[in-house]
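What follows is a set of notes on a single structure, which appears directly below.
The values are calculated or read from the model by the stated rules, or taken from the named source; none is laboratory data. Please read all numbers here as calculations on a predicted model, not as lab measurements. Glycine gets a Cβ as well: all are built from the backbone with ideal geometry, and neighbour counts include every protein chain shown. Please note that ligands, DNA and RNA were not included when accessible areas were found on the heavy atoms of the full protein model with its side chains. Shrake-Rupley method; radii C 1.70, N 1.55, O 1.52, S 1.80 Å.
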Amino acid sequence: NTLSFSANEASSFECSLDSAGVSLCASPMTVSGLADGAHKFEVRGTDLAGNISTVSSVTWTVDTVPPVVTALTLVVARNSVTVNWTTNEASTSQVNWGAGTSTANSTVEDTALVTSHSVVVSGLTASTIYTVMAVGHDQAGNAYISAKKQFRTSP
């Protein structure tokens, strides 16, 4: 992450990251190697006359861990299957599917960020073997892919 800051007149700056000690800094400032979780950057300026500005801050969250899929279940019908699953964090919903062992087809991605997912795949042929898997991503873009599940549609 690169943090940029400025003042409306010549100033020196003091910065603090995650409530650590205050130190002199310059813009732009690059921070890296941050652990997953919430972070806060604070900066204040001092002009040539010694006037100190109020502290400005920005907060953000680092998230590098993909959602985990649990409880993947299928409700099989003659010409469709409803794929239900949960994720441990809010994420999008989509199903990759295909006849036999293929998962080359995809449903339209539901971009709502939820933890309880349900997607219907329709237009299937009766008495046919299909494979499905749940896919999506969290708000930070971390992608998840479930295990594949195979089923046969009803006669």
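I want to confirm something. Restricting to segment 1-18 and keeping residues that are open to solvent by less than 70 Å² (accessible area, probe 1.4 Å) and part of a loop (DSSP other than H, G, I, E, B), which single residue is farthest from P66 (Cα to Cα)? Break it down into steps so the answer makes sense when it comes.
Residues of segment 1-18 that are open to solvent by less than 70 Å² (accessible area, probe 1.4 Å), as a first pass: 3, 5, 7, 10-18.
When the remaining residues are screened for being part of a loop (DSSP other than H, G, I, E, B), the result is 5, 7, 10, 18.
Details: F5: 32, A7: 38, A10: 44, D18: 24 Å.
Ranking the candidates gives A10 first.
So T92 clears everything in (1) under 30 Å from C15 (Cβ atoms); (2) in contact with an Asp or Glu (Cβ under 7 Å, 6 or more places away or on another chain); (3) surrounded by 12 or more Cβ atoms within 10 Å (Cβ to Cβ) except one condition, right? Which one?
All conditions are met except number (1).
Within segment 101-128, track down each residue that is open to solvent by less than 20 Å² (accessible area, probe 1.4 Å), among the aliphatic types (A, V, I, L, M) and not in a loop (DSSP other than H, G, I, E, B).
As a first pass, look at segment 101-128 and keep what is open to solvent by less than 20 Å² (accessible area, probe 1.4 Å): 117, 119, 121, 124.
Applying the additional criterion that residues be among the aliphatic types (A, V, I, L, M) yields 119, 121, 124.
Once the filter is applied, which keeps residues that are open to solvent by less than 20 Å² (accessible area, probe 1.4 Å), among the aliphatic types (A, V, I, L, M) and not in a loop (DSSP other than H, G, I, E, B), segment 101-128 yields V119, V121.
So which residues in segment 65-93 are among the β-branched types (V, I, T) and modelled with pLDDT of 95 or more, if there are any at all?
Residues satisfying the conditions are V65, V68, V69, T73, V75, V76, V81, T82, V83, T86, T87, T92.
Residue check: is V68 under 30 Å from Y130 (Cβ atoms), under 23 Å from the mean Cα position of the chain (by Cα), among the hydrophobic types (A, V, I, L, M, F, W, C) and surrounded by 16 or more Cβ atoms within 10 Å (Cβ to Cβ)? Explain how you work it out, then say what you get.
Details: under 30 Å from Y130 (Cβ atoms): yes; under 23 Å from the mean Cα position of the chain (by Cα): yes; among the hydrophobic types (A, V, I, L, M, F, W, C): yes; surrounded by 16 or more Cβ atoms within 10 Å (Cβ to Cβ): no.
No: the conditions fail for V68.
Kindly indicate the residue of segment 129-144 that is in contact (Cβ under 8 Å) with a residue 40 or more places away in the chain, of a type outside the set (G, A, S) and surrounded by 14 or more Cβ atoms within 10 Å (Cβ to Cβ) and also nearest to A99 (Cα to Cα) among those meeting that condition.
Kept after step one, since they are in contact (Cβ under 8 Å) with a residue 40 or more places away in the chain, are these residues of segment 129-144: 130, 132, 134-140, 142-144.
Right, trim to of a type outside the set (G, A, S) and you get 130, 132, 135, 137-139, 142, 144.
Adding the requirement that they be surrounded by 14 or more Cβ atoms within 10 Å (Cβ to Cβ) leaves 130, 132, 135, 137-138, 142, 144.
Values: Y130: 4, V132: 9, V135: 18, H137: 24, D138: 28, N142: 28, Y144: 22 Å.
Looking at residues that are in contact (Cβ under 8 Å) with a residue 40 or more places away in the chain, of a type outside the set (G, A, S) and surrounded by 14 or more Cβ atoms within 10 Å (Cβ to Cβ), I get Y130.
For every residue, the table says whether it meets (1) touching a Cys at 6+ places or on another chain (Cβ under 7 Å); (2) polar (S, T, N, Q); (3) under 17 Å from A147 (Cα atoms).
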{"residue": "G21", "(1), (2), (3)": "no, no, no"}
{"residue": "T54", "(1), (2), (3)": "no, yes, no"}
{"residue": "T59", "(1), (2), (3)": "no, yes, no"}
{"residue": "T64", "(1), (2), (3)": "no, yes, no"}
{"residue": "V68", "(1), (2), (3)": "no, no, yes"}
{"residue": "S80", "(1), (2), (3)": "no, yes, no"}
{"residue": "T86", "(1), (2), (3)": "no, yes, yes"}
{"residue": "T103", "(1), (2), (3)": "no, yes, yes"}
